[in-house]
C-alpha cells in the first residue's frame, strides 16, 4: 500500500530495490457531497476540484503551470478536468492525475508544487474524502502505490476552498524529495494560490 504520509513528512523517491522513482503519477481522488433530509431524501452534489502543479525555477519564480486549461509541459501531463467526483464512494481510481517524468523536467526547474482548488468554492470540510497519492502506472491504473496522503473531512479545512498539497523539490545532491504540506490557504482560485505558494512554501 506504500507510505501513509503525514503532514510535514519528507520522503526520498528511492524504491525498495535502491533504484529511483523517476516516472510516476500523482493523482487526486475525491467524492461527491451527499446530504439527506426527511422530506427530500438523499441529495447528491457534484464536486469539481482542480489538481494543478506550479513549476518554480531556482529563483523561486513561477515558470509554468499545468492545470485543466494547460495540460502539458515538459516532463508533465495532466489527465484532464473531472467535474463531478466519485458518485458511489471511493472507486479506487484518481479523478485527476499528473503523469510525471523527472528525467524530462528542465534543469532550471527546482520545485513542483501541487495544489488543489475547489472550482465551485465548495468547502473542503464538506467533501467526504480526498487524497493525493504517488504511484507507478498510468492514470487509470495504479500498478504500485508509493505514497498516499489523505486530506479531507478535517475541521482545520473548514471555510477553505484552496489547498497546497505538497511539493517535489531538488535537494543539495540534485535528488528529488517529496514534502507533504497539507495546508489550506485563503486563496479563492489557482492564481492566488500560487502567489501564496511563492511567498510561503518555497
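The values are calculated or read from the model by the stated rules, or taken from the named source; none is laboratory data. In this text the structure is predicted, and so the values were computed from the model without any measurement. In this analysis, Cβ positions are derived from the backbone assuming ideal geometry, glycine residues included, and neighbour counts consider all displayed protein chains.
One residue alone among 130, 107, 73, 125 is more than 12 Å from the chain's Cα centre (by Cα) and within 22 Å of residue 187 (Cα to Cα), and that residue is 125. Scanning the range 88-101 for residues that are surrounded by fewer than 18 Cβ atoms within 10 Å (Cβ to Cβ) and closer than 26 Å to residue 198 by Cβ returns a single hit, 101. Determine whether residue 196 is at negative phi, in contact with a strand residue (DSSP E or B) (Cβ under 6 Å, 6 or more places away or on another chain) and either modelled with pLDDT of 95 or more or assigned to a loop (DSSP other than H, G, I, E, B) (or both). For residue 196, the condition - at negative phi, in contact with a strand residue (DSSP E or B) (Cβ under 6 Å, 6 or more places away or on another chain) and either modelled with pLDDT of 95 or more or assigned to a loop (DSSP other than H, G, I, E, B) (or both) - is met. In the set 47, 53, only one residue is under 22 Å from residue 140 (Cα atoms) and outside any strand (DSSP E or B); that residue is 47.
Would you check if residue 116 is part of a loop (DSSP other than H, G, I, E, B) and under 25 Å from residue 21 (Cβ atoms)? No; evaluated as a whole, the condition is false for this residue. Being surrounded by 15 or more Cβ atoms within 10 Å (Cβ to Cβ), at pLDDT 95 or above and in a strand (DSSP E or B) holds for only one residue in 135, 149, 169, and it is 169. Looking only at residues of the range 65-87 that are in a strand (DSSP E or B) and buried (at least 16 other Cβ atoms within 10 Å of the Cβ), we find that the one that is modelled with the lowest pLDDT is 86. Provide a single number: the residues in the range 184-194 that are without any contact (Cβ under 8 Å) to a residue 40 or more places away in the chain and within 17 Å of the chain's Cα centre (by Cα). Of the residues in the range 184-194, 3 are without any contact (Cβ under 8 Å) to a residue 40 or more places away in the chain and within 17 Å of the chain's Cα centre (by Cα).
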